[in-house]
1. Can you classify region B:465-510 as rounded, prolate or oblate using the Cα gyration tensor, where a ≥ b ≥ c are the square roots of its eigenvalues, rounded means a/c under 1.5, and otherwise it's prolate if a/b beats b/c and oblate if not?
2. If you average 1/r across every pair of different Cα atoms in region B:8-225 and take the reciprocal, what Kirkwood value do you get, in Å?
3. On the principal axes of its Cα set, how long, how wide and how thick is chain A? Give whole Å, largest value first.
4. For region B:38-90, what class follows from the C-alpha gyration tensor (a ≥ b ≥ c being the square roots of its eigenvalues): rounded when a/c is under 1.5, otherwise prolate if a/b is larger than b/c, else oblate?
5. For the protein assembly as shown, with the dipole built from +1 on Lys and Arg beta-carbon atoms and -1 on Asp and Glu ones, taken about the Cα centre, which of B:277, A:40, B:395 lies farthest toward the positive end?
6. Considering chain B, what Rg and Dmax in Å follow from its alpha-carbon atoms?
7. Would you grab the residues whose amide H sits under 5 Å from the one on residue A:96? Only those 5+ places off in sequence or on another chain, please, with H modelled 1.01 Å from N.
8. Please report, in whole Å³, the volume per residue of the convex hull around the C-alpha atoms of the protein assembly as shown.
Amino acid sequence: MPSRSTTNVVIAGLGGQGVLTAASILAEALFRAGFDVKQSEIHGMSQRGGSVSSHVRFGDKVFSPMVPTGQADFLVVLAVDQVDVARPMLRAGGMLVEPSLVESKQLTSKRSLNVALLGTLARHLDVADPLWHAAIAATLPERLHAANLRAFAIGKMP
Amino acid sequence: MSQKPDAIRQLASGNEAVALAALHAAVKLGAGYPGTPSTEILEVFAAQGGPAQWAPNEKVALEVGLGAAFAGARALVTMKHVGLNVASDPLFTAAYTGVTGGLVIVSADDPGMASSQNEQDNRHYALAAGVPMFEPADSQEAYDFTLRAIELSERWRIPVLLRMTTRVCHSTTVLQTPGHPVPPAPPVVFVRDIPGRVMIPAYARPAHRRLRTKLEEIAAWNDKEGPNPIIDRDGELGIITSNVTYQHVREAAPGASVLKLGLTYPLPIETMRGFVASVRRCVVLEEGDPFLYQAARAASLEVSGKPEMYRFGELDVERVRRIVAGDTSPEPLPTAGKPPELCPGCPHRNVFEALRGLGCIVAGDIGCYTLGVLPPFSAMDTCVCMGAAIGVGLGLRHTLPLEQARRVVSVIGDSTFVHSGITGLVEMIYNPPPTGHVLIILDNGTTAMTGLQEHPGTGRRLNHEPTGKVDFEALAHALGIKNVRVFDPVVESDAISGIVQAALAKDELSLLIGRRPCLLAAGASKARGKADAKP
Ligand SMILES: Cc1ncc(C[n+]2csc(CCOP(=O)(O)OP(=O)(O)O)c2C)c(N)n1
Ligand code: SF4
């Protein structure tokens, strides 16, 4: 098996936007795809609307749970005004996934922007759709499944 | 194993892993007080059917856990690092009495202060009290070490510290259960042991010697078969490390040989000595204080530590790389994010607005309401530890010039009041300042700061079921405080200034209670109500 070196994803936004939920879904999908995965976050006061970020790292074997500054391969940002705060995490040539990439008019609820942006990220990851769907189902309560599966599909559309 | 859980591979946080281990070891009682980053341990344990309860504070939680362990039951006690300060009184003597059932005390430290008032390094408690300490590096070890801690606790009849950090508690990593098997729990029955458990000097003197003998035995065991693996690479650079720092080390220095310490008190000094001798240069890499480094130097091991600048904050891959390279050049500053603030519509807001308007000197405390220190309120002058609002406010009142003393107000949250404010209230009636004093309890019916936990003032248990309730007004009346006034900080927002001013003008003792549920708690309890109503 070819060795898969560690890929780094940082998800950033504001408290209440679903940063941590998006990170959990991402980690769960990658885990189901057979990667070693680590997800790390700082909560505590994040609930009160401050900046929040979560790191997800995956590969054959991941050591540190934290993405080193300037080494994120992907930076997913849920709040436009947080792009500048989070940008130092991104490596040169890394990919920024931001709200403008999603057809927001199609989103029935702003609340599922986090999952829509995961859909956009999914275009670039080697994880099959059914695994994403299973991860969404495993992470969110049942009443939110349909809306979030839809949001994921909207984000994934090229 | 007391229970035979299926082998499952899953993603779990360090906190979830501890909870699962406690379930699988049939822990009979989980007790604690909320505190980031430890809070989820008991919540997950309870959600999976484990018997868990919040105590009014960490000292009581540890005492309840100790009683359970005297009965022969396995007990888990959880808290954040500063919680162990509160629980340190029973801790030091519990090390003497020892236990019958396994007693594991989780201390969740917060290097970098993601959500704390200090970054104290609780490894010093293991050394100072003389209790063994495990330090997990990820969720798998959080699970395995919880089980090993129970086993060690029962084998040597000693309380054991499980020292976690924010990055282990709140990182999600792969967990395979069941891990390390534990022998079946001892029977739960009272067996009298007066000299073992009644610490009068005549019994405590031999108990201290027993403790030291146990620690010598455990150190020898740790050298022989402790959880301290060596990764053998080149003989040039060796690194001694532990906990999550190990992960950063493996990434920053993949070519180095590594001794990873799992049981960091009492240390396996001979294992460390052998490792140091096997490499040309050896660095001790640890977050926080130079705890391992000083122990190694005291044992005359030829090791180097880290420059002082790395005592502060968390370590990460880059900082570990810098330590190995001896790099002390200034580090880049992190970009400042948006600071947290009180929710729009939070009932605390109006109180701080009033206090600012009145020019009060505010002895504050810890909770969501500490955000009253930030603009636009800037209405808090002190915040030290839970409960300090009252004592500090009284000290200011006793000594300031009268004109200033009359502007001093103590402000405390409801959970914090129950945790350690009640003794402050007793002090207030026992040593009243000449100008009297005004205490404001911000009663939002929950422990909001740490994620909406119940406490004895809400009258609901950890699982939200109704139980006995501390009545703040009745308590104040019983203590002889004549001026007790309850107000609704939202409905009566315009009246708050007048209410505080009237109390300040009296030169008497007053308790003002701003009572209005936290917005998030109100939402959560409504959702629970609906769920309860479902057929
Ligand atoms: C000894 C200790 N234990 C736990 C904590 C964590 N902690 C800080 S404030 C707080 C309670 C906050 O609740 P409350 O006083 O009701 O204020 P609210 O957040 O609801 O406004 C807790 C549990 C701490 N800082 N110190
Ligand atoms: S969580 Fe509750 S107490 Fe905390 S700021 Fe929001 S409304 Fe206020």
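What follows draws every value from the coordinates through simple rules; no lab data is involved. What you see is a predicted model, and the numbers here were worked out from it, not measured in a lab. Note that each Cβ is placed from the backbone with ideal geometry, even for glycine, and that neighbours are counted across all protein chains shown.
1. On the way: a/c = 5.19, a/b = 1.32, b/c = 3.94.
Since a/c reaches 1.5 but b/c is at least a/b, the shape of region B:465-510 is classed as oblate.
2. Details: mean 1/r = 0.0590 Å⁻¹.
Computed over region B:8-225, the radius equals 16.9 Å.
3. Sorted from largest, the Cα extents of chain A read 40, 33, 31 Å.
4. Details: a/c = 2.38, a/b = 1.15, b/c = 2.07.
Note, shape of region B:38-90 comes out oblate.
5. A:40
6. Calculated on Cα positions, Rg and Dmax stand at 25.0, 75 Å.
7. Amide H neighbours of residue A:96: A:75.
8. Values: hull volume 128.7 nm³, N = 693.
Spread over its residues, the Cα hull of the protein assembly as shown gives 186 Å³ apiece.
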